[in-house]
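Read-outs throughout are calculated quantities, based only on the coordinates presented, and are distinct from any laboratory measurement. Treat the numbers as computed from the prediction; the structure is a model and nothing was measured. Positions of Cβ are generated from backbone atoms using ideal geometry, with glycine treated the same way; all protein chains shown enter the neighbour counts.
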Amino acid sequence: MRLSTFGPLSRRGLLGLVAGGSAAMALSACGGSGETADNSHGGTTYNGPKVDLDFWNGFTGGDGPVMLKLVKRFNSEHDNIKVKMTTYKWETYNEKVPAAVKSGKAPEVGIMHIDELATAAARGVILPLDDVADALHLAKKDFAAPVWDAGVYQKKRYGIPLDMHPLGMYYNKKVLDSAGLDADKPPSNADDYADALHALKKHKIKGMWMTPFPFTGSQTFQSLLWQFNGDILTSDNTRPDFAGDGGVKALTWMVDVVKDGYSPKNIGQDADAVAFQNDKTAFNWNGIWNINTFAGVKGLDWGVAPLPQIGDRKAAWSNSHNFVLLKQLSPDTNKQAASKVFVNWISRKSVEWAKSGQIPARTSVRESKAFAALKEQSILATQIKDLHFAPSLAGIGDVMPYIETAVNEAVLLKKKPSDALSDAAGKAAKVLKENREKYG
Amino acid sequence: MAERNRTRHTGRFTPYLFLAPYLLLFGTFVAAPIVFGVWISLHEWDYMLPNKPWAGLSNYTDLFDPDSLDFDDFWQSMRATGIFTVASVPFLVVIPLGIALLLHRRFPGRNLFRALYFAPYVLGVAVVGLLWRYLLDPDVGAVNFVAGLIGLPDHTAWVNSLPWAWIGLVAMTVWWTLGFNAVIYLAGLQDVPAELHEAASIDGAGVWHRFWHVTLPGLRPVMAFVVTITILASANMFGQSYLVTDGSPGKDTRTAIMYIAQEGLRGFKMGNAAAMGFVLALMLAVVSILNFRLMRYKE
């Protein structure tokens, strides 16, 4: 039986049948073995027989060891649950997981980026989690609103957010100093930012290296797009909106940074971050995940601030890691109950996770003293209400490459911003139409 | 009649029995996937979706319809593959031959040099890609730095402008894979009979004449093999573009395999991707047949 055929009412009904309100019972009811004893108590403890859980993710960077440490601690605190963590490169992971689900070898728990949830849900890779959220008493107020809302596809929840990783503005204090700028007050609006770039240029410093590559060129573009009141898609997710007024303004601003000589032309991948680490540039719009990289560079005197407001309002691109439960060919009640305990436990410990360069999604963790002690993370967390995530649409990943190409062509000065964007939008419109037919 | 008797003696199925293990592997891992691939290419195929609508030949006809979504991108990627193949194959055929000739001579430290030239080939594409991404970086890369030191232009955009991106990609590929072709040539050189060289010397042929009239004809079958596998390897180029240029500028260096992977594995349009794969494979088959015909050893 397919889970998605359950209406909310019948799921509630099932929940009511099971003492303790275990959502896992409802999940496993599809497998026909829902009448076993309830082994979890509100998702916080698990008293059943010993189970092994598989947990897959793509944490190949500095985040991997942090998560592994958390998993080990979880194992040592839970005698009857043993979690085995397996890490793949994200690209490999995204290809392996559906194949594993198809062949019945899927792990119980996985991590997915929030922009992949809708596609994975539509393809039947992951399970709806509303009942898990209910059982864990998780609600919007427990999480940052934008990330909680972005985990919903077709009115069902598919991800329990672990973190948020937005773009921020790193600034090199030494370089700002050398141009006579206040290294403790980085610019926060368009005029101040332009003045700073101008002052740096006078001192022969290219203040912001504008990269034409997805990391972080198209993330910069998306941030500015939202700042200029544009969006990736129209609000009904049916047509591209990125080539509209907001998109053109955003991309024109980026191209002007290059044209006005505030950035070298034709920058290579990651060269912007390398230049920043070598005191060759003042500003680097980059992800929060770079905090530990920059902290590890000897002699680098840096700070981080929310993205300056270049457009009409504040906005910044962000992504988020989400816990997902993978569809099993033969669901096991005990494993599902244990999975829930695991997700809940890690989610509560996410201040440890924040140290790897993340903002915890969970409000209680974000408002804790321990998180406040993480200076850089806390600064970037002030952007929360301005964060934007990719539209929750199946197949949104097929649209993004066209935006990336447009940004690349425009920043390399090969096409006018408006032309690059409208070419991309033409193709994106076709893809959206194809995907509507495919995913319904 | 003696011939037939012997055949009977060993049994009619003997050759097939000997071939069976390989046939089994070939059938399982080559023939069956190809047939399945054709089947996929006739559908809108996403293996996770229960509904895989029959598409007939539309995945193929779309590739030849200028109004379709894939037309521009597919042929642009085929063009990129073509450019890379045409630009890289001559270097990958000639330079390793020169190196093999040098390494064929007797001199102290010969084995060390043989190992050195082969060494890059053992590296994975991820290592090579990352290494060259930084070497070729326009602003912080070593190549431009050294070029500047010796008075050449020091701001060539190796990874995101044309033709420099192609030059960079070809150069890194030659550096990376020349050792493999050199080893094959080296083996071939050892098969050229020494008596022929001797006889030619006695007839008064110089070094150049001996190379042209003895070594090269002796290497002909090896050469045909090297040219063919090099064309196929270059036409399958993926990792270099993927890692070093990310298809930039625009998508000019996005190769066919890169586009097929994006369509099939990221966009889950396996039907489209399979059709593109077959078109590419068919073109490569034609090129390979032509190549073997042209280089066929003439008695």
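Summing charges over neighbours of A:Asn278, with a neighbour being any other residue whose Cβ is under 13 Å away from its Cβ, gives -2 when K and R count +1 and D and E count -1.
Backbone phi angles across the range A:173-184, fed through the Karplus curve with coefficients 6.51, -1.76 and 1.60 (θ = phi - 60°), yield HN-Hα couplings of 5, 4, 5, 4, 3, 5, 9, x, 9, 6, 6, 9 Hz in residue order; Gly and Pro are listed as x. Computed from point charges on the beta carbon alone (+1 for Lys and Arg, -1 for Asp and Glu), the dipole magnitude for the protein assembly as shown about its Cα centre is near 1560 Debye. Rounded to the nearest 5, the antiparallel percentage of DSSP beta bridges internal to the protein assembly as shown is 70%. Overall, the anisotropy analysis places the range B:68-294 in the oblate class: the square-rooted eigenvalues a ≥ b ≥ c of its C-alpha gyration tensor yield a/c not less than 1.5, with a/b not exceeding b/c.
Every helix of 4 or more DSSP H residues in the protein assembly as shown counts as -39500 (n - 2.57), and over all residues that averages to -15500 deg cm²/dmol at 222 nm. Here's how it looks for A:Asp54: its modeled amide H is under 5 Å from those of A:Lys84, A:Glu108, A:Val109, which are all 5 or more places away or on a different chain. Within the shell of other residues whose beta carbon sits under 10 angstrom from the beta carbon of A:Pro417, the net charge comes to 0, with Lys and Arg scored +1 and Asp and Glu -1. Scalar couplings 3J(HN,Hα) for the range B:119-135, obtained by applying the Karplus form with A = 6.51, B = -1.76, C = 1.60 to θ = phi - 60°, are 3, x, 5, 6, 6, x, 5, 5, 5, 4, x, 5, 4, 6, 4, 7, 4 Hz; x denotes Gly and Pro. Counting Cβ atoms of other protein chains within 10 Å of each residue's Cβ and taking the mean over peptide A:401-413 gives 4.
Under 5 Å from the amide H of B:His43 lie the amide H atoms of B:Ala55, each residue being 5 or more positions distant or on a separate chain, with H modelled from the backbone and absent for Pro and chain starts.
Computed over neighbours whose Cβ is under 13 Å from that of B:Asp203, the net charge equals -1, Lys and Arg +1, Asp and Glu -1.
Over the protein assembly as shown, the fraction of Cα-Cα pairs per 20 Å bin, rounded to whole percents and listed from the shortest bin up, is 14, 42, 32, 10, 1, 0. The amide H of A:Leu412, built 1.01 Å from its N in the peptide plane, has no neighbour under 5 Å, considering only residues 5 or more places off or on other chains.
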